[in-house]
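Here the structure is laid out as structure tokens; the discussion comes afterwards.
Please treat every number below as a calculation from the coordinates, not as lab data. Nothing here was measured: the structure is a model prediction, and the numbers come from that model. Every residue, glycine as well, gets a Cβ built from its backbone with ideal geometry; the counts of neighbours run over all protein chains shown.
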Amino acid sequence: MAQTLEEQIAVVERALAECMIDTALVVVRSWLNELGENNPYEEAYNNLLTSQRQLFTRWLNVDDPNDEGELGRLTGEAYQLVDAVYAEMRILRGLSPDMHGFNRDSAHSIMTYFSSCARFRPEDLEWYHELLNRRESSELAIVAITSLSQNLRRFFSLDAMLAMIDGMSAENDMAAGISATYAMLLIVQYDDRIDFFPQIQDAFVNAVAEEENGDRLFELLCSLIQNQQVLRLVPGHGDESYLEMVIPLIPRSWLYSLLIEGSTERERRLAYYMIQTGYREPLWTYPDIAEKVYLEKLRGESRNPMDFINYAHCLLLRGDRMMAYENYRQARQLCGTSKEFFSLFRPDRKQLIDHGIPTEHVYLLEDQLIK
């Protein structure tokens, strides 16, 4: 059974996330065949295929430290080719209309165009910039920004992403704030992909420089993590699985490094909010912060075994063995069986040892808790 276009683009994006250009180009070749001989993408496809094969041949024969950078550059080119051809395929298969203009005074027309257009014209994005800088047009600006965000989640466009980031510096304060929210969410979600788009990183760095060293955007990032209802407003991404995907990405992204700027105070504050949302990784870096969060939970209505275990980890790391044992015991009682308890406890064994708890102490604890 032939793959749908959505299944094909999923294959391509998984491949390019791993820099597997040849694998992605197999799908692109099938698209170009469907578009016909006179499509405008053949030259770009052939150049990319030739460059990729030359890189592989060189890699087989020479140990060149520049190969990694060249692979990244070619992957960026592959993404741009995929974006362009994918838009054409959506139009060819009737999944997106080939639009030519919209009623600039109608919110419905703007919404339809900016959320559904597969291929923006330069004049469309010029009008978008003008709109965001009109103080009296905030309602239409909000419609345009929100619709553009939906569009970017359907098919990524470099020009549209840059337009979203430019909106962060809009004259209209409300439009600027909403642009920043959506741009940040998109950047976090597309973290792997944007590694290959230096234009996007440069645009975002410039936007941060205009925001008093990133203070405003750092506050926004904290708000997005702390107030998960904001994340649930993102069209099509309001479920728990999306939140579980986005929040762990943040500390691994270049965005995180950019906004933290080496500030321990910022890093600690962000860690607090991330632990509050259920992300455990900062526990090992900042057990004092984690201890505070889990104590707050246990003083509330929480009777979750994992909260007792996490709190006990924090106590053990700061040397309070007696209180740590009491909380492990509480978790053990809530679990009912030793198998259930150790399925929660043992995945953290290595972390405890790596962070200074002697191996024999961990085994001693397990021996007492297995009963």
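Quick check for you: which residues of region 144-169 have the amide N under 18 Å from the point 7 Å beyond the Cα of ARG135 toward its beta carbon? Within reach of a label on ARG135: 169.
When the chain is treated as a Gaussian network with alpha carbon springs shorter than 10 Å, the biggest mean-square fluctuation among GLN276, GLN199, GLN330 belongs to GLN330.
For the peptides 3-10, 59-66, 314-321, what is the packing order when you average, over each peptide's residues, the other Cβ atoms within 10 Å and list the highest mean first? Write down the numbers at each step before the final one.
On the way: 3-10: 14.0, 59-66: 8.6, 314-321: 17.5.
My ranking of the peptides, most packed first, is 314-321, 3-10, 59-66.
As a check on your grasp of the helix formula, calculate [θ] at 222 nm for the chain: sum -39500 (n - 2.57) over DSSP H runs of n ≥ 4, divide by the residue count, round to the nearest 500. Walk me through the numbers before you get to the answer.
On the way: 23 runs with 271 residues, N = 371.
One gets -22500 deg cm²/dmol as the mean residue ellipticity at 222 nm.
Over region 87-126, the Kirkwood radius and the radius of gyration, each from Cα atoms, give a ratio Rg/Rh of 0.98. Taken one residue at a time, the phi angles of region 92-105 give Karplus couplings (6.51, -1.76, 1.60, θ = phi - 60°) of 4, 8, x, 7, 9, x, 8, 8, 9, x, 7, 7, 6, 9 Hz. Gly and Pro are set to x.
Mind running the shape call on the chain? Use the C-alpha gyration tensor, a ≥ b ≥ c as the square roots of the eigenvalues: rounded below 1.5 for a/c, prolate if a/b tops b/c, oblate otherwise. The shape class here is prolate.
Were the residues from ASN38 through ARG73 laid out at 0.36 nm apart, the gain over their Cα-Cα distance would be 9.9 nm. Pair-distance distribution P(r) for region 275-364, from all Cα-Cα distances in 10 Å bins starting at 0: 17, 56, 26, 1 percent.
Computed from phi, the 3J(HN,Hα) profile of region 69-75 under the Karplus parametrisation 6.51, -1.76, 1.60 (θ = phi - 60°) reads x, 5, 5, x, 5, 5, 5 Hz, with x in place of Gly and Pro. For a label point 7 angstrom out from the Cα of LEU158 toward its Cβ, which stretches of region 34-50 have the backbone nitrogen within less than 18 Å? So the set is 40-50. Taking a cut-off of 25 Å between Cα atoms, list the lysines near LYS292, but don't count ones fewer than 8 places away on the same chain. Correct list for LYS292: LYS350.
Lysines near LYS339 by alpha-carbon distance under 17 Å, same-chain residues fewer than 8 away left out - which ones? Counting by Cα, and skipping residues close in sequence, LYS339 has these lysines nearby: LYS371. Highest average first, the peptides 120-129, 85-94 ordered by how many other beta carbon atoms sit within 10 Å of their residues are 85-94, 120-129. Working note: Karplus 6.51/-1.76/1.60 with θ = phi - 60° gives region 125-133 the couplings 6, 5, 5, 4, 4, 4, 4, 5, 9 Hz, where Gly and Pro are set to x.
Seen against the Cα atoms of the chain and their longest principal axis, helix 42-61 is set at about 50 degrees. Axis angle, to the nearest 10 degrees, between helix 21-35 and the longest C-alpha principal axis of the chain: 40 degrees.
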